[in-house]
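The values are calculated or read from the model by the stated rules, or taken from the named source; none is laboratory data. Bear in mind that the values here come from a model prediction, so they are computed numbers and not experimental data. So basically every Cβ, Gly included, is an ideal-geometry build from the backbone, and we count neighbours across all protein chains shown. For the accessible areas, the whole protein counts, side chains as well, though only heavy atoms, and no ligand, DNA or RNA atoms are used. Shrake-Rupley method; radii C 1.70, N 1.55, O 1.52, S 1.80 Å.
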Amino acid sequence: MDAQPVVAVLHAEAVPDRAWMAPVAEHATVRYTDAAGLADALDGADILFAYDFLTDALPAAWHAAASLKWIHVAAAGVDALMFPELRDSGVVVTNSRGVFDGAIAEYVLAQILSFAKDIPESLRLQHEHIWKHRESERIAGRSVLVVGTGPIGRAIARLLSAAGMTVQGSGRRSRDDDPDLGRVTATADLPAALADVDFVVVAAPLTDQTRHLFDARMFAAMKPQARFVNVGRGELVRTDDLVEALRSGTIAGAALDVLDVEPLPEDHPLWDMPNVSITPHNSGDFVGWRDALVDVFVDNFHRHRSGEPLRNVVDKKLGYVPGA
């Protein structure tokens, strides 16, 4: 390994804090670049830190990546980077698994409580100065299906279980003794599992197998009283089918932190649906999250220099970290 590797850092408007990157700069030549300068930054670079985790700039700059050995993505999902040339290359890809788990779990609990306690209606009545007594739902004892059995799904399951909810999971293979999710249903049997639960939480990675997993058929399998929460990727859902399911009363509501088009267009019908909560892809963005992402890269950089195994190595064929 070269004593002084070259690290390209791809960023958008937000740039990694130079102080947090100092441990890398002590041992490497660091080139900061936006998408426009990526090809130049990759020329001779050994490592790419994709701090702009939503970038689509890498395929066009791939011709300049002849020296690249490792890409670290500042996100749990790596779907934005999984283009064929990278999949087929010898370049190692790692992600930032573990940074967002707790924050996203708290977000999911907050959205479920908001549905149960009808917080949006309370705020509306407060805004109109209306004192109106209402009853609310309990979440203790209610059932929830967590789709996605990786670390984020597991953190969600543990927190919802602690709140008294009955939790089960859906993943690639079925099992009855999962330590966090209890009974896990295989994806092939997902419609039957959907029929029995009050809340559906989607935290699966986006892969060729999960793209548009939730379509009209899946929504039709859910209870009319069920609520749908998506903290995975917007492309896991056929949005037009979701809109129709909400309009028709096929399902009772949705909380969406991710959409297939972001930002959501101003004229999109989801904005004005009273049974929908929309947040701008920030369910995991706690105070200090950007520095936490740099910390994961710095730790892996030290491992790379010393020849230790890297953390969070992605199986590029699967599109996520095995066992996640």
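Across the range 40-60, what is the number of residues that are in contact with a strand residue (DSSP E or B) (Cβ under 9 Å, 6 or more places away or on another chain) and in a helix (DSSP H, G or I)?
4
Out of the residues in the range 314-324 that are assigned to a loop (DSSP other than H, G, I, E, B) and of a type outside the set (Val, Ile, Thr), state the one that is least open to solvent (accessible area, probe 1.4 Å).
Among residues in the range 314-324 that are assigned to a loop (DSSP other than H, G, I, E, B) and of a type outside the set (Val, Ile, Thr), the one least open to solvent (accessible area, probe 1.4 Å) is GLY319.
Report yes if ASP299 is over 21 Å from ARG211 (Cα atoms), touching a residue at least 60 places away in the same chain (Cβ under 8 Å) and outside the structural domain of VAL201 (by the TED database), otherwise no.
Considered against the rule, which asks whether it is over 21 Å from ARG211 (Cα atoms), touching a residue at least 60 places away in the same chain (Cβ under 8 Å) and outside the structural domain of VAL201 (by the TED database), ASP299 comes out as no.
Please count how many residues of the range 279-313 are in a loop (DSSP other than H, G, I, E, B), under 13 Å from SER96 (Cβ atoms) and open to solvent by less than 70 Å² (accessible area, probe 1.4 Å).
4
When the range 180-202 is examined, which residues are found to be among the aliphatic types (A, V, I, L, M) and either touching a residue at least 40 places away in the same chain (Cβ under 8 Å) or at positive phi (or both)?
LEU190, ALA193, LEU194, VAL197, VAL200, VAL201, VAL202
Looking at this structure, is ALA19 under 29 Å from the mean Cα position of the chain (by Cα), of a type in the set (Gly, Ala, Ser), open to solvent by 60 Å² or more (accessible area, probe 1.4 Å) and assigned by the TED database to the domain that holds HIS302?
Yes.
Looking only at the range 181-218, filter to residues that are hydrophobic (A, V, I, L, M, F, W, C) and at pLDDT below 95; which one of those is farthest from ILE112 (Cα to Cα)?
In this case the residue turns out to be ALA188.
Of the conditions (1) assigned to a helix (DSSP H, G or I); (2) open to solvent by less than 50 Å² (accessible area, probe 1.4 Å); (3) outside the structural domain of LYS132 (by the TED database); (4) hydrophobic (A, V, I, L, M, F, W, C), ALA14 clears all except one; give me its number.
Among (1) assigned to a helix (DSSP H, G or I); (2) open to solvent by less than 50 Å² (accessible area, probe 1.4 Å); (3) outside the structural domain of LYS132 (by the TED database); (4) hydrophobic (A, V, I, L, M, F, W, C), the lone unmet condition for ALA14 is (1).
Picking from ALA186, ALA204, which residue would you name as being surrounded by fewer than 17 Cβ atoms within 10 Å (Cβ to Cβ) and within 21 Å of the chain's Cα centre (by Cα)?
Every option except ALA186 fails the conditions.
Being out of contact with any Ser or Thr (no Cβ under 6 Å at 6 or more places or on another chain) and surrounded by 12 or more Cβ atoms within 10 Å (Cβ to Cβ) narrows it down to one residue among PRO274, PRO269, PRO263; which is it?
Exactly one of PRO274, PRO269, PRO263 is out of contact with any Ser or Thr (no Cβ under 6 Å at 6 or more places or on another chain) and surrounded by 12 or more Cβ atoms within 10 Å (Cβ to Cβ), namely PRO269.
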